[in-house]
Amino acid sequence: MSLRLISSRFGLDPLAGIRKNQKFSNPLYRKLFLSDPIWSFSARTARCLRPKYEMDTVYLRRSGDSQELHINFRYTNQELRVDRDFNFCRKINENIEDALIRIRNNLEKVLNKGAKKSKKKSLSDLKDLSGYSLDEIPVEILRSDLNKRVENMTFAKLLDEKLSDLKLRIIDKHFQIVYNMPWVVNLTLPINIMAGFRVYPSKVELQFSDRNHSIGKWYKAKKPTSGDLERGADWKHCGDGFHYDSTNNDIGHFLKFKLTPGNEVGELGPTVEQITKNEIQAGPGKCPFETRHCFTKSKLSDDSFRIVSYNILADLYADSDYTRTHLFPYCPPYALKIEYRKQLVLKEIIGYNADIICLQEVDLKIFDLDLTPILGSDELEYDGMIAQKGTCGEGVATFYRKSRFDLHSKYEINIGEAIRNIPQFQILYGKIKDNEKLLDRICDRSTTLLITVLKCKANGRYLLVANTHLYFHPDADHIRLLQMGFAMTYISHVYEDLATKLNLSNKNELSLIFCGDFNSVPECGIYKLMIEGTVGRDCADWSSNTEEAVQNVTLSQPFNMKSACGTPSYTNYTHAFAACLDYIFYQSNCLEVEQVVPLPTEDELQCHTAIPSVVFPSDHVALVADIKFKSI
C-alpha cells in the first residue's frame, strides 16, 4: 500500500492499528458447528438457509473419506400439526438402529409439541391422530417390498446397498433414500447493496454440485405492512443466474435469491433461498471511472488486447482505526469498508472490458469470494490466479480472458526467500551478502512476483505477463531497486527458457509485459532500469539508507521496454502524498500502444479531498492501455 510508504515520511506509524478481519472463516468454529454428533445445523442456521426438501425424500451426504454422514429430510403431517426439517450428523460406522433411535427421540419432541397444539390438547390422544402412541412410533429402514426391515447394518454397509430398493419409514410416510445429491452447504447475501451495482451472493458453498449446472433466480419486493418478508411480501422475478445488476428502480426493495444446486448429469438438489437483510440503497452517483468506461465500451480482437494494472487497496490495510483517523481521515468510514468498496472495484474492472487484468493488494477472501466468481462467470470468461505475499493475507492477482488467451504456464516466487537459494540470483546476491543489515532487510520482505505466460488465440504468439508490488518504505529506494533487479533477472531466465522450449525461431513471438505498483517515482532508478536498460553504481537510490548503502552494484536488463501510460502526474493520490508509482512496462520491439485510457483529472481526485472516497475505491487509480502485437 503506497500510502503507508508516504505516511512514514510524515512521521506516522504505518503499521499502527492494522488488523486482520477475524470474522472470516474460522476453521475451528466451523468444525465444532457442523460436526455436532446430533444436529448437522443449528435450528437458526436451518431457518436461515430455508432448504426446500423434496417431499418424502431423505438425503444422505458424505464427502470423500469423511467419517461423518449427514441426514436431511422434511416431515409433514397436518393432523399432527407437524412441518419440520430434520438435520442429523452421524458416524459412517455407526449402526443404523442407533441413529434411528436418535431420529425417533427428536421426532417425539416435535410430536409432543404438535399434540399440545392439537384440538384434543392431550398427549394420550396422540394415538387417535397417528395410530401410534409416543412409545410406539415406527422409525425404520425397509426394503422396497416395505415388509422386510433392514437390521444389524452400519451406514457404511448401507451405502453399498442399492439405495433405490430402500425406504425410510416414519409413522405413515415412506421416504426415498438418495445419496450425495447436489447440495447447498452455505449461502449468504451481502449486507449492503447499492443501486446501479452488481449483486451476487457474498458466499456460496456447494457440495456434489457446481455453478455451471445450478439454477439461480432473483426476486424483489418491498417490505409489506405486516413486516413479514417471507410470507407477506409480493415477490416479483427480476433476474436469473448468480448475479443481478440492480438499477435505481430497485431502491427500497429487498432481494430474494433462490438457488437450486445441480450437477453435470442433470440431477438437482433441494432449493435454498435467502433474503437480503437490508433494502437496496441509493448509490454514490456517477463515479469518475464511468467516464473512463466511455473509452472501453468495445472489446478488442485480433492482434490487439487491453490490459489493466490496478492496486485495489487491501481490506487488511483499509479497515483499522489508524487508517480511518490518520491515513484516510477524509474518507467516510462506510466508504472504507470492503462491503462498499468491492462493489465499486468490480463495476470499474468489468467496465474496462480488458483482456488481461493485473491487480495488487488483493485480499485472499476477495479473490475467492468476489473476483473469481464474478470475473469467472460465463458472461465474463476470465480465469485468474493469485500469489500471496508471505502470510499477510493479500497478494497480487492476474486474470485473463479465456476467449482471447490460453494459459501456457505460470511462475511464482517470493523474492526475499529466493535471494539466497535460486541459482539465477547468485551473482547479484554475491555483491550484497556482506552487508548484513541490507541482506536481512531485503530477505525479510515478502514481495512476490507472479508470472503468467499466455498464448494469444488469434495469432499464436505468446505474452509473458509479470505482476508485482514492491516494498513501500520511504527510506527503501535501494531495496526496491534491488528487488527490481532480482525480478528482471528471474524474468529474463524464464523468457530465455521459454524461447528454447517453444523452439521460437523469432523471439518476437514472445513478448514481455511487466505491471505493478512499484512504489517508485519516475526519477528513481527503477524507471531508468526499465526504460534505459541499465543503472550504474552512482545511482542515488543506492544510498537511500546510509547504514544499508549498496556499494559497487550495477544493474541491467536485456529488453527494450517502454511505459504504456508514460509517467502521469498521479497514479496514487492521498492527502499526504500524490505521485506516479504504478506502471505498465511493455516490450516495445514486439508491441505497440494503440490507446491509453485517460486518467481521472486532478479536480476529480480532489473532489472529496483525495482518494479513496465515496466514488474511488482505492488510493490508486487503474492504468488501462490498448496494446497491439507488431508484425513479425
Which of 309, 442, 326, positive extreme of dipole for the chain (C-beta unit charges)
326
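If you build the convex hull over the alpha carbons only and average its shadow over all orientations, what do you get for the chain? Give it in nm² to one decimal. Display every interim value, and only then the final one.
Values: hull surface 134.9 nm².
It is 33.7 nm².
Below 8 Å, C-alpha to C-alpha, sequence gap of six or more: please give me the relative contact order for the chain in percent.
On the way: 1293 pairs, mean separation 77.0, N = 632.
Over the chain, the number comes to 12 percent.
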When the dipole is taken about the Cα centre of the chain, and only Lys, Arg (+1) and Asp, Glu (-1) are charged at their Cβ, what size is it in debye, to the nearest 20?
2060 debye
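Ranked highest first by average number of other Cβ atoms within 10 Å, how do 595-602, 301-308 line up?
Numbers: 595-602: 16.8, 301-308: 19.0.
So the order, starting with the most tightly packed, is 301-308, 595-602.
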Dividing the mean separation of Cα pairs under 8 Å (6+ apart) by the residue count of the stretch 545-632 yields a relative contact order in percent of 31 percent
Taking Cα atoms of the stretch 241-384, Rg/Rh with Kirkwood Rh, to two decimals?
0.99
Candidate cut points under trypsin sites (Lys or Arg not before Pro) in the stretch 524-632, DSSP loop plus at most 12 other Cβ atoms within 10 Å of their own Cβ, are 537
Would you mind ranking 486, 86 by Cβ crowding within 10 Å, fewest neighbours first?
86, 486
How large is the dipole of the stretch 183-275 about the Cα centre if only Lys and Arg carry +1 and Asp and Glu carry -1, each at its Cβ, rounded to the nearest 20 debye?
340 debye
Once the dipole of the chain is set up from charges on Cβ (+1 Lys and Arg, -1 Asp and Glu), the residue from the list 567, 395, 266 lying farthest towards its positive end is 266
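Give me D for the stretch 183-275 in µm² s⁻¹, whole number, from Stokes-Einstein with Rh from the Kirkwood sum over alpha-carbon pairs, 37 °C and 0.692 mPa s. Could you put the intermediate results ahead of the total?
Working: Rh = 13.8 Å.
Result for D is 237 µm²/s.
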By counting other Cβ atoms within 10 Å of each Cβ, how are 59, 330 ranked from fewest to most?
330, 59
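Report the convex hull volume per residue for the stretch 570-632, counting only C-alpha atoms, in Å³. Don't skip to the answer; put the middle values down first.
Values: hull volume 4.8 nm³, N = 63.
Considering the Cα atoms of the stretch 570-632, their hull volume per residue is 76 Å³.
Taking the radius of gyration and the Kirkwood hydrodynamic radius from Cα positions alone, what is the Rg/Rh ratio for the stretch 365-432, to two decimal places? Write out the running numbers ahead of the final one.
On the way: Rg = 16.2 Å, Rh = 14.4 Å.
Result: Rg/Rh = 1.13.
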At 0.36 nm per residue, minus the direct Cα-Cα distance, what do residue 492 and residue 251 gain on full extension? Give it in nm, one decimal, please.
81.5 nm
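Tell me, what is the FRET efficiency for residue 632 and residue 422 to the nearest 0.05, using R0 = 35 angstrom and their Cβ-Cβ distance as r?
Numbers: r = 32 Å, r/R0 = 0.92.
Efficiency computed from Cβ-Cβ geometry: 0.65.
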Among 88, 472, 399, rank each residue by its count of other Cβ atoms within 10 Å, from fewest to most, as a rough exposure measure.
88, 472, 399
If unit charges are put on Cβ atoms (+1 for Lys and Arg, -1 for Asp and Glu) and the dipole of the chain is taken about its Cα centre, the option from 200, 623, 524 lying farthest towards the positive end turns out to be 200
Relative to the Cα centre, what is the charge dipole magnitude of the stretch 215-357, using +1 at the beta carbon of each Lys and Arg, -1 at the beta carbon of each Asp and Glu, and rounding to the nearest 20 debye?
480 debye
Computed from the mean reciprocal separation of all distinct C-alpha pairs, what Kirkwood hydrodynamic radius does the stretch 529-602 have, in Å?
14.9 Å
Quick one: net charge of residue 360's neighbours, Cβ under 11 Å, K/R +1, D/E -1?
-3
Rg and Dmax in Å for the stretch 349-503, alpha carbons only: what are they?
17.0, 54
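We did not get these values from a lab; they are worked out from the coordinates using the rules stated. Because the structure is predicted, anything quoted here is derived from the model rather than measured. Positions of Cβ are generated from backbone atoms using ideal geometry, with glycine treated the same way; all protein chains shown enter the neighbour counts.
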